[in-house]
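The values are calculated or read from the model by the stated rules, or taken from the named source; none is laboratory data. Note that this is a predicted model, so its numbers are computed, not measured. All Cβ positions, glycine included, derive from the backbone under ideal geometry; neighbour counts span all protein chains shown. Calculation scope for accessible area: heavy atoms of the full protein, side chains included, ligands and nucleic acids excluded. Shrake-Rupley method; radii C 1.70, N 1.55, O 1.52, S 1.80 Å.
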Amino acid sequence: MKRPRNLDPPPSPRRKRALSREEAELWENVTKQAKPLRRRSRPAKGSLEIVEEAPATSNSAPSLKLPATIRKIPSPPPAPPPLAPLGRRERSKLSRGRKDIDARLDLHGMTQTRAHRMLLNFLQHAQADGMSFVLVITGKGRTVGPESERGVLRRQVPHWLGLPEFRSLIVGFEEAHIGHGGEGALYVRVRRAR
């Protein structure tokens, strides 16, 4: 059995369909509620956040989903610069006394909390005063008996200097020459203030 052919001509792609009365009313309601967008600068990649869905109209007509509002998220602060080792020439000049050490900080006998606070304060002042090289003395720790213990501050100070709060203050650091304390001290190069 043959199927009957559809005798209706296909709709012309150029001819627009007329809106029904309900569709025309709905379109009129939507255009009355629409507000022009404010001009904004183009947001950085990955810096958009969806805040909330805009409320739909409460007509008996089918609900339309309106776009969510978008706001720009502030970009995170730039990462602090990485640490760099002291140059061989600078280290040699410091160890031979040809280059001055601008200031010294002795952390012997301090608790970790107090030492951390003192070190941060010391480096902030050194940077503000335009100093180039400072010496931080941590001490060597206990060396008595077969179970010699490496000092807590000797372990912690290099770790602290690698933290972001310190990396903005210093360029780099290295173990000091034996004449300045050797294993129990560090040469620290202070970053110039901006």
Looking only at the range 118-129, which residues are farther than 12 Å from residue 166 by Cβ and under 26 Å from the mean Cα position of the chain (by Cα)?
118, 125, 128
Got a number for residues in the range 104-116 being surrounded by 18 or more Cβ atoms within 10 Å (Cβ to Cβ) and not in a loop (DSSP other than H, G, I, E, B)?
3
Given the criterion in a helix (DSSP H, G or I) and of a type outside the set (D, E, K, R), identify the matching residue among 135, 86, 186, 119.
119
Residue within the range 88-100 that is in contact (Cβ under 8 Å) with a residue 40 or more places away in the chain, open to solvent by 70 Å² or more (accessible area, probe 1.4 Å) and aliphatic (A, V, I, L, M) present:
no
Of the residues that sit in the range 138-157 and are assigned to a loop (DSSP other than H, G, I, E, B) and touching a Gly at 6+ places or on another chain (Cβ under 9 Å), which one is modelled with the lowest pLDDT?
148
Among the numbered criteria (1) of a type outside the set (D, E, K, R); (2) within 16 Å of residue 189 (Cα to Cα); (3) open to solvent by 60 Å² or more (accessible area, probe 1.4 Å), which one does residue 77 miss?
(2)
In the range 176-194, anything more than 21 Å from residue 121 (Cα to Cα) and among the charged types (D, E, K, R) is listed as 183
Test: residue in the range 158-171 that is part of a strand (DSSP E or B) and at pLDDT 85 or above:
yes
